[in-house]
Amino acid sequence: METMEQKLEELRQRREQIRQGGGEKRIKKQHESGKLTARERIEKLLDEGSFVEIDAFVEHRCIDFDMAQEKAPGEG
């Protein structure tokens, strides 16, 4: 059985993975296109600490375009 500390650590790891968006490769691609990621745009638009993301752990359920095989944390 998992302890509360283990569960909290798992949530911290998942939250960090979500903050990375599609990963370093996709972030780099956005930046090379002269664009910011969605989270970067939100951070620039709003005052620090004023945005609370709800449902960050939701995952997509799309099966079109081979999306069933794609893991996209935070893109729900």
Check: What pairs can you find where one residue is in segment 58-75 and among the small types (Gly, Ala, Ser), the other is modelled with pLDDT of 70 or more, and their Cβ atoms are less than 6 Å apart, with a gap of 6+ or different chains?
Finding: Gly74/Ile18; Gly74/Ala56
Check: Using beta carbons and a limit of 8 Å, which pairs, at least six apart or on different chains, have the first residue in segment 33-56 and under 14 Å from Arg19 (Cβ atoms) and of a type outside the set (S, T, N, Q) and the second one at pLDDT below 90 and assigned to a loop (DSSP other than H, G, I, E, B)?
Finding: Ala38/Gly21; Arg39/Gly21; Ile42/Phe51; Glu43/Phe51; Ala56/Gly74
Checklist line | When residues of segment 37-76 are limited to those that are aliphatic (A, V, I, L, M), over 12 Å from the mean Cα position of the chain (by Cα) and surrounded by 11 or more Cβ atoms within 10 Å (Cβ to Cβ), the one modelled with the lowest pLDDT | finding: Met67
Item checked: Qualifying position, being assigned to a helix (DSSP H, G or I) and in contact (Cβ under 8 Å) with a residue 12 or more places away in the chain, among Gln17, Gln6, Gln30, Gln13 -> Gln17
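The values are calculated or read from the model by the stated rules, or taken from the named source; none is laboratory data. It should be emphasised that the depicted structure is a prediction, and the values quoted were computed from it without experimental measurement. Don't worry about glycine lacking a Cβ; one is built from the backbone with ideal geometry, like all the others, and counts go over all protein chains shown.
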